[in-house]
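A.B. asks: Shown below is the structure under consideration.
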Amino acid sequence: MILLRTAKQSVAIAGNRIVAVGPEAEALDAAEVMELAGTLSPAFGDGHAHPVLGGLERQGPAITDKSTVDDVVVEIGRWAAENPGDGWIVAASYDPALAPDGAFDARWLDAAAPDRPVALRSRDYHAVWCNSVALRRAGISADTPDPRLGRILRRPDGSPLGTLLEWHACDLVLDLVPQRSTEDLVEALAEAGRVYASVGVTWVQDAWVEPALVDAYLLAVEQDRLLFRADLAQRADPDRWRGQISAFADNRERCRRYGRDLVTARTVKFFADGVVESGTASMLDPYLDVPHSHGMPVWSPAELAEAVTAFDAERFQIHVHAIGDAAVRAALDAVERAQGANPAWDRRPVIAHAQVVDPADRPRFAELGVIATVQPQWAQTDAVMTELTIPRLGPERAERQYPFATLARLGTRLAFGSDWPVSPADPLEGLRVATSREWLPGERLDVAQAIAAQTAGVAWQARAEHEWGELAVGRRADLVCLSGDPEHTPLGDITVTDTWMSGRRIYAALTLDPEVSRCSPSEE
Ligand SMILES: [Zn+2]
């Protein structure tokens, strides 16, 4: 038994569990006492993220932190020189606000890589910027019509500019890119684990899983290289979802058998729409800048309801990406339909993002038991918000974004997710925005509410509220030590100093012991 002790707290852990808290913990006979400077808190969960994409981004080329188009192009040129040959250059993720209207020109990349194909994904992963070789290889010309689910941005003469929006347009190029090997994906997951351990996250909803990624997760478990627990949300494709049901169930069963309590696959992901910054989020009223456009729903509302009902009948948890107010309504309607059609069960459906919610739909989250898994880091006025989002929405709808406090007041269960690598993985960054809300201060949450959304709220989404998310006897010893007390120290000044998962310390800011960062968590 180990006693963790701060100035005000004592927590005793044995094996992978918390066995006593406070005076009861002090009364036990500890084999080891660890004095900590800081505040112990339950470890964080991340209710919506893409760890493998985050890990792959860190393998380079490093374009995610670049603040001008020139800097991105220079980095691609540098990487091309260091990795000569004629193979694809693939990278993520560039800031779509770096070019007016998010419209990036293939010729800019041609300057860095004239002879080999380049495909870069935008920060929101809903757009691809590619060079002229990539456009040619994909056969995209002035004669190529826009696909059903996507848009090819064009020059005045109709020829492709170099920016592709949404699924079927992006896939024209991405389908040509060689697949990553399972080993590469495992490496990315291992890297993601190091990042998560350093920011105190021990459970993650992987919110977009294609079949190859299930294999990678299970291999990472087998090789003892996964430093976090994850539930996998397998993506339902609107063109072939009926044929996916049995494969998803098989993957769920494989993870139950071989996931060693680290990996489950109980969730199905639906993209209901795109993103406001590309004008592809599905809106009830048209966009201001393109007055005939309501965006680009990925599913018709009827088909979404049918698919959600079918996967719900198979006892999959539903996780819908819905950003525009029409997409949010379609997602709520789909959940309502599934509840009416299928027998009662503990379904815990999730709507992720909920960026613009029509006032009439706000009470429906609580009424239907829908968890709002939201991204607090998005609720601020960065360049994407001021240059792309607000001009497309107009001032009135812009004020309806991210109604966290309103949803909470109406009884909605909130869970926080980073959407990493769309935003940084560090929950403290999101907690800082959620509790300050310099923009739209009426939607500010108090510190306790915000921390609950990052801990117990995500545990509820994970169906693990009796397992983790609270600092209490019997819970898993998934803990973080924070450098300051969030109730008394500005969140922007706090960092994670230590992380424990299942009783094992997997991160320590002050030790350089390589054994600490290599973890195989103890299990029951
Ligand atoms: Zn996402």
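A.B. asks: Consider the range 463-477. How many of its residues are farther than 16 Å from Ala415 by Cβ and outside any strand (DSSP E or B)?
C.D. replies: 7
A.B. asks: If we keep just the residues of the range 159-198 that are β-branched (Val, Ile, Thr) and under 19 Å from Ala230 (Cβ atoms), which is farthest from the chain's Cα centre (by Cα)?
C.D. replies: The qualifying residue farthest from the chain's Cα centre (by Cα) is Thr182.
A.B. asks: Same structure, new question: Check the range 9-27 and report whether any residue there is in contact (Cβ under 8 Å) with a residue 24 or more places away in the chain, closer than 30 Å to Ala453 by Cβ, in a loop (DSSP other than H, G, I, E, B) and within 16 Å of the ligand (Cβ to nearest atom).
C.D. replies: No, that holds for no residue.
A.B. asks: So, in the range 431-451, exactly how many residues are under 18 Å from Glu396 (Cα atoms) and over 22 Å from the mean Cα position of the chain (by Cα)?
C.D. replies: Count: 5.
A.B. asks: Just checking: which of the helices (runs of 4 or more DSSP H) contained wholly in the range 45-132 hold 1 or more residues that are away from the ligand (no atom under 16 Å from the Cβ)?
C.D. replies: 69-82, 106-110
A.B. asks: A further question follows. Please enumerate the residues belonging to the range 383-410 that are part of a loop (DSSP other than H, G, I, E, B) and closer than 25 Å to His319 by Cβ.
C.D. replies: Arg400, Tyr402, Pro403, Leu410
A.B. asks: Moving on. May I ask you to list the residues in the range 327-361 that are away from the ligand (no atom under 16 Å from the Cβ) and in contact with a Pro (Cβ under 7 Å, 6 or more places away or on another chain)?
C.D. replies: Passing the criteria: Ala330, Asp333, Val335, Val357.
Per-residue answers, yes or no, for (1) among the basic types (Lys, Arg); (2) over 29 Å from Ala247 (Cβ atoms); (3) out of contact with any helix residue (DSSP H, G or I) (no Cβ under 7 Å at 6 or more places or on another chain):
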| residue | (1), (2), (3) |
| --- | --- |
| Val263 | no, no, no |
| Gly274 | no, no, yes |
| Glu306 | no, no, yes |
| Pro363 | no, yes, yes |
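A.B. asks: State yes or no: is Arg229 modelled with pLDDT of 95 or more and farther than 30 Å from His168 by Cα?
C.D. replies: yes
A.B. asks: Scan the range 385-401 residue by residue and report those that are crowded, with 21+ Cβ neighbours inside 10 Å and in contact (Cβ under 8 Å) with a residue 60 or more places away in the chain.
C.D. replies: Leu388, Thr389, Arg392, Leu393, Arg397
A.B. asks: Could you please let me know if Asp382 is modelled with pLDDT under 95 and more than 23 Å from Leu284 (Cβ to Cβ)?
C.D. replies: Criteria met by Asp382.
A.B. asks: Here's a follow-up. Are any of the residues in the range 362-377 part of a loop (DSSP other than H, G, I, E, B), away from the ligand (no atom under 16 Å from the Cβ) and either of a type outside the set (D, E, K, R) or surrounded by fewer than 18 Cβ atoms within 10 Å (Cβ to Cβ) (or both)?
C.D. replies: Within the range 362-377, one or more residues are part of a loop (DSSP other than H, G, I, E, B), away from the ligand (no atom under 16 Å from the Cβ) and either of a type outside the set (D, E, K, R) or surrounded by fewer than 18 Cβ atoms within 10 Å (Cβ to Cβ) (or both).
A.B. asks: Name the residues in the range 280-289 that are in contact (Cβ under 8 Å) with a residue 12 or more places away in the chain and surrounded by fewer than 23 Cβ atoms within 10 Å (Cβ to Cβ), would you?
C.D. replies: If the condition is that a residue be in contact (Cβ under 8 Å) with a residue 12 or more places away in the chain and surrounded by fewer than 23 Cβ atoms within 10 Å (Cβ to Cβ), then Leu284, Asp285, Tyr287, Leu288, Asp289 are the ones that fit.
A.B. asks: For the range 63-90, give me each residue that is touching a Phe, Trp or Tyr at 6+ places or on another chain (Cβ under 9 Å) and at pLDDT below 95.
C.D. replies: The answer is Thr64, and nothing else.
A.B. asks: So, one more: Of all helices (runs of 4 or more DSSP H) completely enclosed by the range 160-225, which ones contain at least 1 residues that are surrounded by 23 or more Cβ atoms within 10 Å (Cβ to Cβ) and in contact with a Pro (Cβ under 9 Å, 6 or more places away or on another chain)?
C.D. replies: Where helices (runs of 4 or more DSSP H) fall fully within the range 160-225 and carry at least 1 residues being surrounded by 23 or more Cβ atoms within 10 Å (Cβ to Cβ) and in contact with a Pro (Cβ under 9 Å, 6 or more places away or on another chain), they are 167-174, 182-198.
A.B. asks: Any idea which of Val374, Val350, Val335 is assigned by TED's automatic domain parsing to the domain that holds Asp231, farther than 30 Å from Leu428 by Cβ and of a type in the set (Val, Ile, Thr)?
C.D. replies: None of the others qualify; the one that does is Val335.
A.B. asks: Could I ask something else about it? Conditions: (1) of a type outside the set (S, T, N, Q); (2) outside any helix (DSSP H, G or I); (3) within 16 Å of the ligand (Cβ to nearest atom). Gly430 meets all but one. Number of the miss?
C.D. replies: (2)
The values are calculated or read from the model by the stated rules, or taken from the named source; none is laboratory data. Remember, it's a predicted structure, so these values are computed and weren't measured experimentally. Neighbour counts are summed over all protein chains in view; Cβ atoms, including those assigned to glycine, are modelled from backbone coordinates with ideal geometry.
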